[in-house]
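To start, the structure under review is shown below, and the notes come after it.
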Amino acid sequence: MQAEAQTDFLIIGAGFAGCVIAERLAAAGWKCVVVDRRAHVGGNAYDETDAAGVLVHRYGPHYFRTNSQRIVAYLSRFTDWHAVAYTIKSFARGRYWSFPINLNTFEEYLGRPSGEAEFAGWLDAQRVPIDHPRNSEEVVISQVGRELYELFFEGYTLKQWQRHPRDLDAAVCGRIPLRMNRDERYLTEEFQALPERGYTALFGRMLEASAGVEVHLGVDFAEARKRWRCRHLVFSGAVDEYFDYRFGPLPYRSLRFEAESFSAGQLAQRAAVAGKPGFWQPAMQVNYPELAVPFTRIVEIKHATGQQVDATTIVREFPKEWQRGEEPYYPIPAPDAHAAFQRYATLASTESQVSFVGRLATYRYYNMDQVIGMALAEAERLLRRYGSQAT
Ligand SMILES: Cc1cc2nc3c(=O)[nH]c(=O)nc-3n(C[C@H](O)[C@H](O)[C@H](O)COP(=O)(O)OP(=O)(O)OC[C@H]3O[C@@H](n4cnc5c(N)ncnc54)[C@H](O)[C@@H]3O)c2cc1C
C-alpha cells in the first residue's frame, strides 16, 4: 500500500470532462492528479491505430461538431482540424437509402425524379397531426408519417434501446433532421471536423500543456481515494457507483463492437458498392434499421478521418443489455430512468467538496462539445471559489 499523498484536485476520469478541468486548473497553477481505470486517456473519444494500420475510434465513432466558437478556439490550442462533411446512409429492403430523409430519399422511394413541391405535398398527406409530440414515435410520425417511420426509425430505435420509440423521450429521434432539399449532411452544426492527428493526440497535448497535471492510468476511484488526499474532488464516473449503488444501479444501454479489416486487394471487389476505391461501403456510417439484422450500424471511419491508407476497417455495432462491470455507454433517455437519477442527484447536491461532471456523473447523453462546455464552466466556478495559484 503506497503512502497517502496530497494534491489540490483529484480528478476521476480522463475523458473530456476530467481532462478539460485538469488543464484549466493546472494552467491556473493548481496541482491536479487525474486517474482513470482504463489503460489510456481520452475516455470514450479514445482513438488508436489498429493492426491493419487504420485509425479507429475504439468506443464507437465520435463525430466532433459544435456551434460554439469558444469551444473550437479552446480545443484549437491543442489540435489542428480536418474538416469533414459527415455522411450516412440507411440500408433496408436490400438497398442503400439517402439519410437523413431528404429529396433524394424521396426519389429513391418513388423510383423516379421528383421535386420539392411534390415531396412537400406527399409529406403533408403522410404526417399524423400531433401538436405537442410527447415521445419519439409521435415526433417522427408527426414529421414524416408512419411509412418512413417504420422504414427508417422504428426497428433501429427498438434495437438500439430495446424500448419502443413511444416509451422514449421525443428528443431521441427528434435530433435527426428532415430536409426538403438535397442536403445529405448528417449533422447541422456550423463546425464539423475531426482533430487532425486524432483525439488521443489532442488529449496528450492538453495534459502536457501545464506541468501541474499528473496522470495515473489503471487506477480506479476506490484506490485513488486511498492514495490521494485533496482539497476538492472532481468525479466524472457514474454517479450511482460513487454512492455505492445506494438506490440500486441506474439503467444503461451497452454496446458490443465487432471490427473487420480489409486489404486493398479485398477492397477491389467492393469498389462498385463503395463508389470509390479503398473503401468498403458508400458512406462513413450505414444504418441497418431492419430487425432481422442484429446490429444497428456499420461505421467505416476512414471516410471521415481522411487517412491515406490502403486498407480499411469497418465496425459493426451491436446494442446489448448493460450488466454491472460493463461499459455503461448510454443512460436511458426515458422518464422512469430520469426519476431514478433524481434521487442520486439530490445526494450529489449535498457534497460540497465534490464536483460531478460529464455524461456519467450527470446521467445524461451529451455530445463532446456539451461536455467540454460543462467542464469549462465548472473549472471557472472552481477558480472563482479557490482562486488562482498562478503568479
Ligand atoms: C458509442 C458512442 C458514440 C458517441 N458519438 C459521439 C459523437 O459522434 N459526437 C459527440 O460529440 N459525442 C459522441 N459521444 C458522446 C461522447 O462520448 C461524450 O460526450 C464524451 O465522451 C463525454 O466525456 P466524459 O468525460 O463525460 O465521459 P467519458 O469519455 O466516458 O470519460 C469518463 C472516464 O472516466 C473513467 N471512469 C469512470 N468511472 C471511473 C472510476 N470509478 N474510476 C476511475 N475511472 C473511472 C472511464 O474509464 C472514462 O475513461 C458518443 C458516445 C458513445 C457512447
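Between A259 and R127, what is 0.36 nm times their sequence separation minus the Cα-Cα distance? Round to one decimal in nm. Don't skip to the answer; put the middle values down first.
Numbers: separation 132, 0.36 × 132 = 47.52 nm, distance 3.87 nm.
Difference between extended and current length: 43.7 nm.
R385 versus R146, label points 7 Å from Cα toward the beta carbon: distance in nm?
5.3 nm
What's the ranking of 145-153, 333-341 by average number of surrounding C-beta atoms within 10 Å, highest first?
Peptide ranking by packing, descending: 145-153, 333-341.
To check you understand DSSP bridge types, tell me what percent of the beta bridges within the chain (both residues inside) are antiparallel, rounded to 5.
On the way: 33 of 55 bridges.
The antiparallel proportion sits near 60 percent.
For A272 paired with A292, estimate the spin-label separation in nm (one decimal), with each label point 7 Å from Cα along the Cα-to-Cβ line.
2.2 nm
Could you pull out every one of the lysines with an alpha carbon less than 17 Å from that of K302, ignoring same-chain neighbours closer than 8 positions?
K89, K276
On full extension of the chain, what length is gained from E189 through A339, given 0.36 nm per residue of separation minus the C-alpha to C-alpha distance? All intermediate terms of the calculation are to be shown ahead of the outcome.
Working: separation 150, 0.36 × 150 = 54.00 nm, distance 3.05 nm.
Here the answer is 50.9 nm.
Taking the mean number of other Cβ atoms within 10 Å as a proxy for protection, how do you rank 14-25, 66-77, 279-290 from highest to lowest?
14-25, 279-290, 66-77
Given 0.36 nm per residue, what is the gain on full extension from D167 to D244 after removing their alpha carbon distance, in nm?
Working: separation 77, 0.36 × 77 = 27.72 nm, distance 2.84 nm.
Fully extending the segment from D167 to D244 adds 24.9 nm.
Among 235-241, 252-258, what's the highest-first ranking by average C-beta atoms within 10 angstrom per residue?
235-241, 252-258
Size of the chain along its principal axes in angstrom, Cα-based, largest extent first?
Dimensions of the chain along the principal axes of its Cα atoms: 72, 49, 37 Å.
Here, each number is a calculation from the coordinates, and none is a lab measurement. All of these numbers come straight from a predicted model, not from anything done at the bench. Reconstructed Cβ throughout: ideal geometry from the backbone, glycine too, with neighbour counts over all protein chains shown.
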